[in-house]
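Enquirer: Below is a structure I'd like to ask you about.
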Amino acid sequence: MALAGTRSIGQAALALAIALFLSVFLVMPVATVIYVAFTEKGGGALTLVNFQDFARTDLFVRSFWNSIYVSAMTVVWASALALPLAYLTTRFEFRGAMLVQTLGFLPLVMPPFVGAVAMQLLFGRNGSVNLLLDEWFDFKIGFMEGLNGVIFLQAIHYFPFILVNLSAALRNIDRSMEEAAQNLGSHGLRLFRRIALPLALPGYIAGASLVFVKVFDDVATPLLLNVKEMLAPQAYLRITSIGIDDPMGYVISVVLIGVAVATMWASALVLKGKDYATTQRGGGGLARRKLKPRESFLAYAVVILILALVLAPHVGLLLLSFATVWSFSPLPDGYTLAHYARVLGDSSIYIKNTLLYSSLAAGIDVAIGGAIAYLVLRTKLPGRQWLDWAASTALAVPGVVLGIGYLRAFYGVKMPDGTPLAALWIVIVLAIAIRRLPYALRAAYAALQQISVSLEEAAENLGATKARTVRRIVIPLMTGGLLAGFVTSFATAAVELSAVLMLVQSNSDAPLAYGLYVLMQTPAGRGAGAALGVIAVVIVAICMGLAQLAADRSQRARGLDI
Amino acid sequence: MVRLSALATGFTLGLIFAAGAAFAQTGKVTVVTSFSKDVTDPLKKAFEKAVPGATLEVQNRNTNAGVKFLEETRGNNQVDLFWASAPDAFEVLKGKKLLSPYKPKATGIAEKVGSYPVNDKDGFYSGFAASGYGIMWNERYVKANKLPTPKEWQDLAAAPYFDHVSISAPSRSGTTHLTIETILQGEGWDKGWRTIKEISGNLRQVTDRSFGVPEAVNSGQVGYGIVIDFFAFSSQGAGFPVKFVYPTVTTLVPANVGIVANAPNKAGAEAFIEFLLSPTGQEALLEPTIRRLPVRPETYAKAPADYPNPFKDKNLQGLLTFNAELSESRSAAVDTLYDQLITFQLEPLKAATRALHEVDAALAKKDNPRARALAKEARDLIASMPITAAQAASPEIRAAFSGGKEKSARQAELEQQWAAFAKEKYAAAKAKADEALKLAR
């Protein structure tokens, strides 16, 4: 009894610490900004009239449904891209599986601005593809027109969320499940549909819900396509326009946060009441089948086709970084190394800062995300769900709102020498960590859902304390999922801009994304921006490759142990 | 060239040095700016050379983020200068008491460039360079689509330009806002909006970033863009196949610099302003990557042959005396009207415009008075405005945007009314145009 008491005290202390962290670095700064949504303009009296206005304005209602449509369709298309890659590379003997996993992740690492330009040059109305189509067949395809254009680009950009989480989940499934099904005569698609997919559902749901919320809250892609009649762009345009102090931008932010929380709640509901845990981890995941030559050919064709599509923007970026002039032509007029020469001098400090900030932020995310997942799934603390929901709202808070909130909350706090707290680089790290926390949280959540609680009970029955159980049983078994979370947070943190832009106080503290932004503020500077973008992507790719390697090693090592 | 001129204007330079010495240690001068590295790097280098002991710390932020930043950090300000193009951003800062007044000591600076006063009348910020608005186009695009070459704003309203033009929203770009306001002041409220809507009916896109427009033109995604001159000049400098023209009625707008209230290094800030206005600073503006128009008339003597000169070139003298107070009094209303009537109603507006272009083509082949009358009615429907010029500047409407007590409706209500108004009129115009097309064919 006394033992149980100290346990729950320990858990409560952990929960309180996380709650404190979230309130200081997320809830409070954001609240200082969006309380405007609940006040009357000019007067400051509390009111809900702004929400009535929201519902009465055609533009907002139209934008809301457009956003829902685009997010839902993006999940469908992103799944279509991610499923084959995830299934083929985890389920079969597939040479280059690791390479596919790493490459398949790269679309998430699309540097701001330049990525957009590269995509216009390839898929735009007069991009390479359409210019060639027009020349050969006399027609063009509106890849980037309207809402469908947004869906196209978002599916390419965000499908790695599903890929990473689904792959991690598939790897975690015990091979004996599949063997049992095979012994009972199941095979082929039925085996996938009835055994592998249902068991991997937590991973899929984690990825799909992230895609949904992320697309719902994304500003950059719709604005790149000049689609303004979606909810997040409406909020962004209103919040960042000067001169007009308008509560509606913050009202929309509140709606965005509401949708994000509702999505997370709904995804928890889908998985509720079912048990996805398996007790064994023999050999690290599904048995890998061998492909027959014809199947193998087909599989490689599918994988290469998908990779070609989703990596096209990076190819465009690479071309742009070497291009002299690229205007109204399928390929650049000429090639040069000048852009790289120009950014090389500046970029070392940016690279150093980016690696430092991103790894710190991702580390914070994995620690907090893992802790929240554990508290929610393994304890009975009252109100533990709120931690999950609060952390998930970070997905929906526009970066610029978080940035302003940080300035408001921390700029007045002075360090002993008089410099404001918000001017320290660690504040940038915290802002990035908060923005990327939901990625790591979802990954940790999915990983823990797949671990049978009986393993922990066994450990405790043998006399292990809670802490020791977590250290020796839970964390090792979650490694794959936590690593997926780390990689996602790290890679996306490396190209985070909107909050960073508000917080960077000097060039020596600036990360790569800021350097990119500075270079892109001129119509003539796209080549240099692209070169810096390529450098960013390469660095992130190397880090991810290393992480994958480490994951593979640890899986194999454990496989040998058993 | 710069070195030669430095010798030639040694006297003025001497003054600068004297000023620098008077301020003793200038130290670190922190500036928040929306200008790109292309602009800030050469000027930083020249400043640090001209004022020994000074270093310029550049914080790059877009104009909106910069204003917000100063606003949020005012309690513990660490910034000396705000340095950006859009005069309206400075007006906002001034209104929020975030600037401190300073009267530059430099002499020989023009009072006006084009028709716009160079300096703030209350002395809170100073213009150091000018830029004008015009039309930029991609030659390859124009050639491939066999399109004409524009000269005037009104040209862009013609049928061949349909779906080929790009602009940035006036609510997002201070310079577009001034262009719209210039047309409104030049042609009057009703006629001005008619012109603006006729051009806008041909738009391919309304971007939310100023440099989204040159980007789209440079890469050939759209043919024509309404842009500020240096976007076109620096694109040309980078080798893009683009051309640029100033229409007869253009606005020259000063780019500004102002000292932030409670600046930690006020002396350094003043030294930087004096440097920008000095002959050396002004000549630096002529560099190919910067290409702004100096506010010191004598500097043009050192400019390349084809450099625009607002103090000599006839088309840059400006026929119109820009009324800054009028502009200020209705700026929120004008921006919101543009967004609600055009940006967010672009599809219906374009549908009606396209139908009218077809009617015109049919009428050119075979005249039909009834169809002509219908087309005119349709044009009037498109041109009609939900509010008058007087209403736009009235206390009721202004209060709706500022949150004052006199407001007759909340901003959100006004927006919804205006949007509904436009939607209805454009639909009616489309119906009339379709009817006219049937008759004319």
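A short reminder: the numbers here are calculations on the coordinates, not readings from a lab. In this text, all values refer to a predicted model and were calculated from it rather than measured experimentally. Counting neighbours? That spans all protein chains shown, and the Cβs are built from the backbone with ideal geometry, glycine included.
Enquirer: Please state, rounded to one decimal and in Å, the Kirkwood hydrodynamic radius that segment A:107-165 gives when every pair of distinct Cα atoms enters the mean of 1/r.
Expert: Numbers: mean 1/r = 0.0808 Å⁻¹.
In segment A:107-165 this quantity evaluates to 12.4 Å.
Enquirer: Test of the criteria: in segment B:304-364, which trypsin sites (Lys or Arg not before Pro) are in a DSSP loop and have at most 16 other Cβ atoms within 10 angstrom of their Cβ?
Expert: On the way: sites: B:LYS312, B:LYS314, B:ARG330, B:LYS350, B:ARG354; in loops: B:LYS312, B:ARG330.
Answer by residue number: B:LYS312.
Enquirer: A follow-up question, please. Counting Lys and Arg as +1 and Asp and Glu as -1, what is the net charge of the other residues whose Cβ lies under 12 Å from the Cβ of A:LYS140? Intermediate results must be reported in sequence, preceding the final value.
Expert: Details: positive: A:ARG125; negative: A:ASP134, A:GLU135, A:ASP138, A:GLU145.
Cβ neighbours under 12 Å give a net charge of -3.
Enquirer: Using the alpha-carbon atoms, what tilt in degrees (0 to 90, nearest 10) does helix B:10-22 show relative to the longest principal axis of chain B?
Expert: Around 70 degrees separate the two axes.
Enquirer: I need the chymotrypsin sites (Phe, Trp or Tyr not before Pro) found in segment A:473-522, filtered to DSSP loop residues with at most 14 other beta carbons within 10 Å of theirs. Before the final figure, lay out each step's value.
Expert: Details: sites: A:PHE486, A:PHE490, A:TYR514, A:TYR517; in loops: none.
Those that pass, being in a loop and sparsely packed, number zero.
Enquirer: As I understand it, the dipole of chain A uses +1 on the Cβ of Lys and Arg and -1 on the Cβ of Asp and Glu, about the Cα centre. Which of A:LEU108, A:VAL129, A:LEU318 lies farthest toward its positive end?
Expert: Most positive-ward Cα: A:LEU108.
Enquirer: Counting DSSP beta bridges with both partners in the protein assembly as shown, what percentage is antiparallel, nearest 5? The partial results should precede the final answer.
Expert: Working: 28 of 46 bridges.
In the protein assembly as shown, approximately 60 percent of DSSP beta bridges are antiparallel ones.
Enquirer: Here's something else I'd like to know. Determine the shape class of the protein assembly as shown: with a ≥ b ≥ c the square roots of the Cα gyration tensor eigenvalues, call it rounded for a/c under 1.5, and otherwise prolate if a/b is greater than b/c, oblate otherwise.
Expert: On the way: a/c = 1.77, a/b = 1.46, b/c = 1.21.
Prolate is the answer for the protein assembly as shown, as a/c is 1.5 or above and a/b outweighs b/c.
Enquirer: Within 14 Å, Cβ to Cβ, of B:GLU328, how many net charges do the neighbouring residues add up to if Lys/Arg are +1 and Asp/Glu are -1?
Expert: Working: positive: B:LYS94, B:LYS121, B:ARG330, B:ARG398; negative: B:ASP88, B:GLU91, B:ASP120, B:ASP122, B:GLU181, B:GLU325, B:ASP335.
That sum, taken over residues with Cβ under 14 Å, equals -3.
Enquirer: Can I ask one more? What FRET efficiency comes out for B:SER100 versus B:LYS312 if R0 is 25 angstrom and r is the Cβ-Cβ distance? Round to the nearest 0.05. Please list the in-between numbers first.
Expert: On the way: r = 35 Å, r/R0 = 1.41.
It comes out at approximately 0.10.
Enquirer: Okay, next question. Over its Cα atoms, what ratio of radius of gyration to 2.2 N^0.38 Å does segment A:468-521 give?
Expert: Working: Rg = 17.1 Å, N = 54, 2.2 N^0.38 = 10.0 Å.
In units of the globular-protein estimate, segment A:468-521 measures up at 1.70.
Enquirer: For B:LEU203, list long-range residues whose amide hydrogen, built 1.01 Å from N in the peptide plane, is under 5 Å from its own amide hydrogen.
Expert: Hits under the 5 Å cutoff: B:ASP163.
Enquirer: Moving on. How big is the gap, in Å, between the Cα center of segment B:394-441 and the Cα center of segment A:87-157?
Expert: Cα centroid to Cα centroid, the span is 39 Å.
Enquirer: While we're on this one: Farthest toward the dipole's positive end in segment A:272-396, which of A:LEU387, A:ILE306, A:ILE349, given Cβ charges of +1 (Lys, Arg) and -1 (Asp, Glu) about the Cα centre?
Expert: It is A:LEU387.
Enquirer: Let me ask something additional. What are the membrane-span-like helices in chain A by this rule: whole DSSP H runs, Cα extent along the axis at least 27 Å, mean Kyte-Doolittle hydropathy at least 0.5? Walk me through the numbers before you get to the answer.
Expert: Values: long enough: A:2-22 (30 Å, 1.58); A:58-91 (48 Å, 0.87); A:146-172 (40 Å, 1.06); A:248-271 (35 Å, 2.14); A:293-322 (39 Å, 1.84); A:338-378 (56 Å, 0.81); A:425-449 (35 Å, 1.28); A:526-561 (52 Å, 0.87).
Membrane-span-like by this criterion, though nothing is claimed about a membrane: A:2-22, A:58-91, A:146-172, A:248-271, A:293-322, A:338-378, A:425-449, A:526-561.
Enquirer: Give me the distance in nm between label points sitting 7 Å out from Cα along the Cα-to-Cβ direction at A:LYS274 and A:GLU93, one decimal.
Expert: Once both label points are built, they end up 3.2 nm from each other.
Enquirer: Can you work out ³J(HN,Hα) from phi for every residue in segment B:178-194, in order, using Karplus 6.51 cos²θ - 1.76 cosθ + 1.60 and θ = phi - 60°, giving whole Hz and x for Gly and Pro?
Expert: Values, residue by residue: 5, 5, 4, 5, 4, 5, 5, 6, x, 10, x, 4, 6, 5, x, 5, 4 Hz.
Enquirer: Let me ask something else about it. What are the semi-axes of the equivalent ellipsoid for segment B:59-180, taken as the square roots of 5 times the Cα gyration tensor eigenvalues, largest first, in whole Å?
Expert: Numbers: eigenvalues 261, 69, 28 Å².
Computed over segment B:59-180, the values are 36, 19, 12 Å.
Enquirer: Ok, one more. Under a point spin-label approximation (7 Å from Cα along Cα-to-Cβ), what is the A:ALA181-A:SER23 distance to one decimal in nm?
Expert: 4.6
Enquirer: Could you tell me which of rounded, prolate or oblate describes chain B, using a ≥ b ≥ c as the square roots of the eigenvalues of the alpha-carbon gyration tensor, with rounded for a/c under 1.5 and, failing that, prolate when a/b is larger than b/c and oblate otherwise? Can you show the working numbers first?
Expert: On the way: a/c = 2.56, a/b = 1.68, b/c = 1.53.
Taking the square roots of the gyration eigenvalues as a ≥ b ≥ c, chain B is prolate.
Enquirer: Between B:LYS151 and B:THR388, with labels modelled 7 Å along Cα→Cβ, what's the label distance in nm to one decimal, could you check?
Expert: In this crude spin-label approximation the distance works out to 3.7 nm.
Enquirer: If you don't mind, there's one more thing I want to ask. With a ≥ b ≥ c the root eigenvalues of the C-alpha gyration tensor of segment B:272-428, is it rounded (a/c under 1.5), prolate (a/b larger than b/c) or oblate? It would help to have the intermediate numbers written out before the result.
Expert: On the way: a/c = 3.08, a/b = 1.49, b/c = 2.07.
Here segment B:272-428 falls in the oblate category.
Enquirer: Let me ask something else. Amide H to amide H under 5 Å from A:THR39: which residues, 5+ apart in sequence or cross-chain, H placed 1.01 Å off N in plane?
Expert: Residues meeting the amide H criterion: A:THR47.
Enquirer: Quick check: Cα centre of segment A:382-459 to Cα centre of segment B:76-125, how many Å?
Expert: That distance is 40 Å.
Enquirer: Same structure, new question: On a 20 Å Cα-Cα criterion, which of the cross-link pairs A:LYS41/A:LYS214; A:LYS140/B:LYS146; B:LYS151/B:LYS197; B:LYS28/B:LYS94; B:LYS94/B:LYS266 come out too long?
Expert: A:LYS41/A:LYS214; B:LYS28/B:LYS94, as the Cα separations exceed 20 Å there.
Enquirer: Kindly provide the pair-distance distribution of segment B:147-284 built from C-alpha pairs, with 10 Å bins from 0 and whole-percent values in order of increasing distance.
Expert: Whole-percent P(r) values from 0 Å outward: 11, 34, 29, 17, 9, 1.
Enquirer: Let's see if you can work this out: charge +1 on each Lys and Arg Cβ, -1 on each Asp and Glu Cβ, no other charges. What is the dipole magnitude of the protein assembly as shown about its Cα centre, in debye to the nearest 20? Please list the in-between numbers first.
Expert: Numbers: 95 positive and 77 negative charges, 427 e Å.
My answer is approximately 2040 debye.
Enquirer: Just in segment A:36-126: which trypsin sites (Lys or Arg not before Pro) are loop by DSSP and have at most 14 other Cβ atoms within 10 Å? If you can, show how the numbers build up before the last one.
Expert: Working: sites: A:LYS41, A:ARG56, A:ARG62, A:ARG91, A:ARG95, A:ARG125; in loops: A:LYS41, A:ARG95, A:ARG125.
Passing both the DSSP loop test and the Cβ count: A:ARG95.
Enquirer: Work out, step by step, the length gained on full extension between A:ALA80 and A:SER508: first 0.36 nm times the residue separation, then minus their alpha carbon distance; give nm to one decimal.
Expert: Numbers: separation 428, 0.36 × 428 = 154.08 nm, distance 4.27 nm.
Fully extending the segment from A:ALA80 to A:SER508 adds 149.8 nm.
Enquirer: Whose amide H sits under 5 Å from the amide H of A:THR324, counting only residues 5 or more places off or on another chain, with H placed in the peptide plane?
Expert: Result for A:THR324 returns A:ASP333, A:GLY334, A:TYR335, A:THR336.
Enquirer: Something else about it: Name the residue from A:LEU184, B:HIS177, A:SER23 whose Cα lies farthest towards the positive end of the charge dipole of the protein assembly as shown, charges +1 on Cβ of Lys and Arg and -1 on Cβ of Asp and Glu.
Expert: Looking along the dipole axis, the top candidate is A:LEU184.
Enquirer: May I pose another question? Provide Rg over Rh for chain A; use the alpha carbon set for both Rg and the Kirkwood Rh (inverse mean inverse pair distance).
Expert: Numbers: Rg = 24.0 Å, Rh = 24.8 Å.
For chain A, the value is 0.97.
Enquirer: Further question on the same structure: First obtain the Kirkwood hydrodynamic radius of segment A:103-236 from its Cα pairs, then insert it into the Stokes-Einstein equation at 25 °C and 0.890 mPa s, and state the resulting D in µm² per second as a whole number. Can you show the working numbers first?
Expert: Working: Rh = 17.3 Å.
It comes out at roughly 142 µm²/s.
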